[in-house]
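This report concerns only the one structure given below.
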Amino acid sequence: MHTWKLEIEYEGTRYRGWQMQQNARTVQDELIYAAEEAFQMRVELSGAGRTDAGVHALKQVAHLRIHKELEYDVKPRQLQYKLNDMLPHDINVTRVTNASDDFNARHDAVSRWYFYQISTRRTAFGKNLVWWIKDDLNSQWMNQAAKIIIGKHDFRNYSEVENEKDSTIVHVQHAEVFMDGDMICFRIGASHFLWKMVRRLVGILTEIGRGKLSPNAIETFLTTPSPLVAKLTAPPSGLFLEKVCYRGDSIPTEQKALFNI
């Protein structure tokens, strides 16, 4: 058996998300195809977390496992080059390292970090990487509201529940809103995330920034269901999986937009 840890960046605009789906193009499908072409055999490839359709990643992590013995030694750098030669232009393996055979990209992760970019000006560049909002937003009100969700909460009202039996309790370790030039940026780190959770939080934060909701509204919706939360779901274009952290990894702290546009 051979196992590698892959670090991957991708622009998710053309994909229906990370996870394999029938009759849909996904990032995981593209990586599996590239790996099976490289090794000419079936492989196991699984990521640290799912990203929704249109959502991007700066550092998604996956494990690539081959359950057969190879007749030759594959160096991590060689594997990286082989995969990238076969991947489309909007998916890139940035690093490959050898991993223990029991390494699991999802289960071994201790936190995930997401980053959302709101552009305060119309831009001819990077439209797939931001959400442009014409209205003036008060980033201080937004940051005040973001701090409220730090801690352990039930985010059922901020998500699309796929299985009613699944827990919707999430431990949010960090949440902040800051400005960098023309960008309003939202960073959140948590144990895990629920489907559409981050985009719905961003949607509520923008209404708080507009002055249409009070900062405490973000807490109110945790306990009081409202169709407004789903209605205000932010578009996927501005959302990035920023980092997946494992034991000993540093957390992202730089208050800077991911891209200057």
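Counting residues in the stretch 115-135 that are buried (at least 16 other Cβ atoms within 10 Å of the Cβ) and over 21 Å from Val198 (Cα atoms) gives zero. Glu254 falls short on exactly one of the conditions (1) in contact (Cβ under 8 Å) with a residue 12 or more places away in the chain; (2) open to solvent by 70 Å² or more (accessible area, probe 1.4 Å), and that condition is (1). If you go through the stretch 1-36 and keep only what is touching a residue at least 24 places away in the same chain (Cβ under 8 Å) and either aromatic (Phe, Trp, Tyr) or farther than 23 Å from Arg77 by Cβ (or both), you end up with Trp4, Tyr10, Glu11, Gly12, Thr13, Arg14, Tyr15, Arg16, Gly17, Trp18, Gln19, Tyr33. Restricting attention to the stretch 47-95, the residues that are modelled with pLDDT of 95 or more, part of a loop (DSSP other than H, G, I, E, B) and open to solvent by 70 Å² or more (accessible area, probe 1.4 Å) total 1. Here Pro236 meets the list (1) within 18 Å of Met142 (Cα to Cα); (2) buried (at least 19 other Cβ atoms within 10 Å of the Cβ) almost entirely, failing just condition (1). With respect to Asp154, determine if the residue is open to solvent by 100 Å² or more (accessible area, probe 1.4 Å) and among the charged types (D, E, K, R). No.
Among the residues of the stretch 1-46, those identified as open to solvent by less than 30 Å² (accessible area, probe 1.4 Å) and assigned to a strand (DSSP E or B) are Thr3, Trp4, Leu6, Glu7, Ile8, Tyr10, Leu45. Against the test of being over 22 Å from the mean Cα position of the chain (by Cα) and among the aliphatic types (A, V, I, L, M), the options Leu228, Leu258 yield a single qualifying residue, Leu228. Applying the criterion of being free of Cβ contacts under 8 Å to residues at least 24 places away in the same chain and among the β-branched types (Val, Ile, Thr) to the residues of the stretch 162-185, the residue that is least open to solvent (accessible area, probe 1.4 Å) is Val172.
The values are calculated or read from the model by the stated rules, or taken from the named source; none is laboratory data. Everything quoted here is computed from the prediction, not taken from an experiment. Heads up, the Cβs are rebuilt from the backbone with ideal geometry, glycines too, and the neighbour counts pull from every protein chain shown. These accessible areas exclude ligands, DNA and RNA; they are computed on the full protein's heavy atoms, side chains included. Shrake-Rupley method; radii C 1.70, N 1.55, O 1.52, S 1.80 Å.
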